[in-house]
Amino acid sequence: MTALLEPLLGDMAPLAPVFLAGGLGILLILVAIPLLIRERDDPLNKLAKQAQSKRGGTTEASLRFGSRNDKLEKYASFLEPQDAKEYSEIAKKLMQAGYRGPDAVRFFFAAQVILGIIGLCIGLAYYYLALGPDNATMQQTAIYVLGPGAAGYFGPKYWITRRIQARHEEIEQGFPDALDMLLVCVEAGQSLDQAILRVSGELQASYPALAYEFTVVSHEMKAGKDKTAVLNDMGDRCGVQDVQSFVTVLIQSQTFGTSIAEALRLYSAEMRDKRVMRAEEKANKLPTKMTLATMMLTVPPLLIILVGPSLHGITALGGVGETVGVEDE
């Protein structure tokens, strides 16, 4: 075996049995995963679950997830953190990014593992087929092998972070308009529930993330959930300071019995001023951000225009002087 693989592996040929055993093990794992996913549940387990649901008992997993995906349920211990605090933090981030499915956490960790393995395989293939073990240093080996794997593992986390930022910007941009429409609806005689439902329909085309949040609030209020809890949940889902302040204003207005229309009028005016200040802040930052680009794109052409003719003239005079010296000799 070593003699057969020596032309391919070179100095790594003595480790050929190890590589072969590792590749065979990975192949068996990849073959076993679909078989495990297709595996049916034990009928006795199904009967036990049905009996438990009839008694009204619920397990901690059902309370945390409410999931109906049996395929991912089998790998729950590997695809989700066991610590409740860590799980709640990750679920909150996914919720703020717009992923609210019952299996969002499991899909997130599954994506990390799958992309990490794919990146590691790509790095190994590039290292052995393109770069070559003989031509690479230890640093290059670590970069080309572990780099793609790390990029694949942390890629979903970067994607979630970017999604949260984009969603926060969309909510901040559309929230003053939503408050203005809420104020118009409330002053027209509609209740807060009806106004929220109307605003969610109006914002669907321009600000879908904010419209979705108002739709969830409207449905939860229709279901009979406490308004204070519904508004607090909206602030947690959005993760935007403006929305959380708005929730606090509505809760205080409801607690002390003050006019909701007056509270909306004052807060909507403040949100409009805040949006203008954010736009002015971005405009003031723009010259500073453009300074480096301006210098890189302006200074070199300017130097070429100013100094180029002088350098050309000096070079021409030098050539004429050398010619005259040669003729004198």
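Residues that are in contact with a Leu (Cβ under 7 Å, 6 or more places away or on another chain), more than 25 Å from ALA209 (Cα to Cα), buried (at least 16 other Cβ atoms within 10 Å of the Cβ) and among the aliphatic types (A, V, I, L, M) do occur in the range 127-147, at least one of them.
Would you say VAL299 is free of Cβ contacts under 8 Å to residues at least 24 places away in the same chain and exposed (fewer than 15 other Cβ atoms within 10 Å of the Cβ)? When the stated conditions are applied, VAL299 passes them. Cβ separations smaller than 9 Å between residues 6+ apart or across chains give the following pairs from the range 78-105 residues that are without any contact (Cβ under 8 Å) to a residue 12 or more places away in the chain to residues that are open to solvent by less than 30 Å² (accessible area, probe 1.4 Å) and among the polar types (S, T, N, Q): GLY101/SER67. Among the residues of the range 256-284, the one identified as touching a residue at least 12 places away in the same chain (Cβ under 8 Å), more than 14 Å from LEU192 (Cα to Cα) and of a type in the set (A, V, I, L, M) is MET271.
Yes/no per residue for (1) modelled with pLDDT of 80 or more; (2) closer than 30 Å to LEU183 by Cβ:
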site	(1), (2)
SER268	yes, yes
VAL276	yes, yes
ALA283	yes, yes
LEU286	yes, no
MET290	yes, no
LEU297	yes, no
LEU303	yes, no
THR323	no, no
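Number of residues in the range 155-193 that are modelled with pLDDT under 85 and hydroxyl-bearing (Ser, Thr, Tyr): the value is 1. Residues of the range 193-212 that are in contact with a helix residue (DSSP H, G or I) (Cβ under 6 Å, 6 or more places away or on another chain) and either open to solvent by less than 60 Å² (accessible area, probe 1.4 Å) or in a loop (DSSP other than H, G, I, E, B) (or both): ASP193, ALA195, ILE196, VAL199, SER200, LEU203, GLN204, TYR207, ALA209, LEU210, ALA211. Residues that are open to solvent by 50 Å² or more (accessible area, probe 1.4 Å) and in a helix (DSSP H, G or I) within the range 182-192 comprise VAL184, GLU187, listed in sequence order. For residues in the range 213-225 being assigned to a loop (DSSP other than H, G, I, E, B) and not aliphatic (A, V, I, L, M), which is most open to solvent (accessible area, probe 1.4 Å)? Going through the qualifying residues, I end up with LYS225.
Being charged (D, E, K, R) and open to solvent by less than 60 Å² (accessible area, probe 1.4 Å) is the filter; apply it to the range 242-277 and report the residue that is farthest from the chain's Cα centre (by Cα). Full working, then the answer.
Start the filter on the range 242-277 by keeping residues that are charged (D, E, K, R), which leaves 242, 262, 265, 270, 272-275.
Right, trim to open to solvent by less than 60 Å² (accessible area, probe 1.4 Å) and you get 242, 275.
Details: ASP242: 21, ARG275: 25 Å.
The residue in question is ARG275.
Answer with yes or no whether LEU231 is in contact with a Gly (Cβ under 8 Å, 6 or more places away or on another chain) and closer than 26 Å to ARG163 by Cβ. It is false that LEU231 is in contact with a Gly (Cβ under 8 Å, 6 or more places away or on another chain) and closer than 26 Å to ARG163 by Cβ.
When the test is whether a residue is surrounded by 19 or more Cβ atoms within 10 Å (Cβ to Cβ) and either assigned to a loop (DSSP other than H, G, I, E, B) or out of contact with any helix residue (DSSP H, G or I) (no Cβ under 7 Å at 6 or more places or on another chain) (or both), GLU80 passes it. The criterion of being surrounded by 10 or more Cβ atoms within 10 Å (Cβ to Cβ) and at pLDDT 85 or above does not hold for VAL307.
Does SER253 count as modelled with pLDDT under 85 and of a type in the set (Ser, Thr, Tyr)? Give the derivation first.
On the way: modelled with pLDDT under 85: yes; of a type in the set (Ser, Thr, Tyr): yes.
So SER253 fits the description; yes.
If you go through the range 91-114 and keep only what is surrounded by fewer than 19 Cβ atoms within 10 Å (Cβ to Cβ), within 25 Å of LEU146 (Cα to Cα) and not small (Gly, Ala, Ser), you end up with PHE107, PHE109, GLN112, VAL113, ILE114. Within the range 226-241, if we keep just the residues that are in contact (Cβ under 8 Å) with a residue 40 or more places away in the chain and not in a helix (DSSP H, G or I), the residue that is least open to solvent (accessible area, probe 1.4 Å) turns out to be VAL240.
The values are calculated or read from the model by the stated rules, or taken from the named source; none is laboratory data. Predicted model only: the values in this text are computed from it and were never measured. FYI the Cβ positions are ideal-geometry reconstructions off the backbone, even for glycines, and counts take in every protein chain you see. The area values use the complete protein model at the heavy-atom level, side chains included, leaving out ligands, DNA and RNA. Shrake-Rupley method; radii C 1.70, N 1.55, O 1.52, S 1.80 Å.
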